[in-house]
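In what follows, a structure is listed as C-alpha cells, so that the remarks can point back to it.
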C-alpha cells in the first residue's frame, strides 16, 4: 500500500467510516474514491433527468412509448461499439473519456435549448440519448468496481458505495428543484455537464489507486491492457450460461415493473400540472425524496443485511413489496397511492436490488463483467422497456384500463421475486454453474 493510502487509512475519515459501515481502514481510499465518482456521475444524470421527464410530458405518452423503441434500438447498436472500445483500449483511457463525451453532449444540447422552448426534434434526441447513456454509465461503473473488489468485499462495501450514487441522485434533482426557476432547463443541462467533468477527475483518482495497489505493483500495465475478445462476446457469454440468462430475465422483470409505474406517473403528472417548469420541479422533488430514503438505507442497512442474510434477501424484498403495491393501485387508482408505491419501489431498488444485482457478477471474469454485463444492463433492459411500454399502451386503452395494468404489474413482480430467490441462492452458495470458457471466477485483487 502506498504512503498516500496508509495516510488515508489511518485518518479520522477511515475510523469514522469503519464505525458507520463495515469498512476496513485499508479499504478507505478505494471506497471514498468510488463513492465520490458515483456521486458526481449520478448527480449529473439526476440533475438533467427532470428535464427529460418534462420533455416526455410535452411529447405525450404515445410518442414516448415510440421513443422507447428507438432507445432500445440504439441500446443494441451501442454494444458492438462498446465491445470494440473495450477490446482495443485500456480502462485508463475509455472510462474517463466516456464521461467527457457525455459532458460535451449535455452542454451542446443546453446551448441548442437556450430560450426555454423545447424543439420537439431536439427533445426526442435528448430523450433517447439520456435514456441510453444512463444505463450504459451505471453498468460501466460497476464493471470496473467488480475488478477492484473481491467477492467478499462486494457484500460489505457495495451498499456504502451505492450510497454515493444515491447522494448524488439526491443532490442533483434538489439543485434542479431550487434553480430551474432561475436558470431554466438549459441551465440545468450546463450543471449536468459540469458534474460529469468532476466525475472525470474522480475516475482518474480511482484508476491511480487501482494501478498502485500492492498486489498488482509492476503488473499494473498488464492489468490495464485491453480486454480483447469478440465485439459480440457478451451475447455468446449470456447464451452459454443459465445463470447469466437468469440475470438477464431478472433485469427484464425489473424493467417491466418500472415501465408500468413510469407511464402511470407520466399520465397523472400531465393531468395535474400544466406548466413545464412546475412539472420539472415535481419530478425533481420526487427524485430527491427517493434518494434521501435510499442514502440512509444504503449506509446503515444494505451491507449489514447482505453480510448477515446474503444476496437472496436483497433480491426478494422489493419484488414482494411491489406485489402488494400494484394490488393497492388496482384497488384505489389514486395519485397518493401511486406516489407511495413509486417512491417505495425506487428507494428500495436503489438501496437493495441494484447492489445485489452487481454482487451476482462478482465471481465472474473480466470479459463477462464488461461485455455480458453491459449487454444485459443496456440493450436487454431497454428492449424490455420498449416492449413493456407497448403492452402498457394496449392494456391501458382496453376495457380493463389502469386496473388491468396494475394487476399485470403484480403478476410480473411475483415472478420477479421467485427468480430473485433462485439467483440469490445460487450466488450465496457460489453455484453459478459458469464454466471456464464462459467466465469462471478469476483471482481478484481487492483493496
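The values are calculated or read from the model by the stated rules, or taken from the named source; none is laboratory data. Predicted model only: the values in this text are computed from it and were never measured. Reconstructed Cβ throughout: ideal geometry from the backbone, glycine too, with neighbour counts over all protein chains shown.
Of note:
- Within this structure, residue 320 passes the test of being in a helix (DSSP H, G or I), in contact (Cβ under 8 Å) with a residue 24 or more places away in the chain and over 18 Å from the mean Cα position of the chain (by Cα).
- Counting residues in the range 194-202 that are over 27 Å from residue 46 (Cβ atoms) and modelled with pLDDT of 85 or more gives zero.
- Residue within the range 114-132 that is under 18 Å from residue 185 (Cβ atoms), in contact (Cβ under 8 Å) with a residue 40 or more places away in the chain and under 13 Å from the mean Cα position of the chain (by Cα) present: yes
- Scanning the range 273-291 for residues that are in contact with a helix residue (DSSP H, G or I) (Cβ under 7 Å, 6 or more places away or on another chain) and surrounded by fewer than 17 Cβ atoms within 10 Å (Cβ to Cβ) yields 277, 285.
- Residue 405 vs. criteria at pLDDT 85 or above and in contact with a helix residue (DSSP H, G or I) (Cβ under 9 Å, 6 or more places away or on another chain): yes
- Residue that is modelled with the highest pLDDT [pool: residues in the range 359-386 that are closer than 30 Å to residue 261 by Cβ and either outside any helix (DSSP H, G or I) or in contact with a strand residue (DSSP E or B) (Cβ under 9 Å, 6 or more places away or on another chain) (or both)]: 360
- Breaking point among (1) more than 23 Å from residue 394 (Cβ to Cβ); (2) without any contact (Cβ under 8 Å) to a residue 24 or more places away in the chain; (3) part of a helix (DSSP H, G or I), for residue 271: (1)
- Number of the condition not met by residue 260 [criteria: (1) assigned to a helix (DSSP H, G or I); (2) free of Cβ contacts under 8 Å to residues at least 60 places away in the same chain]: (2)
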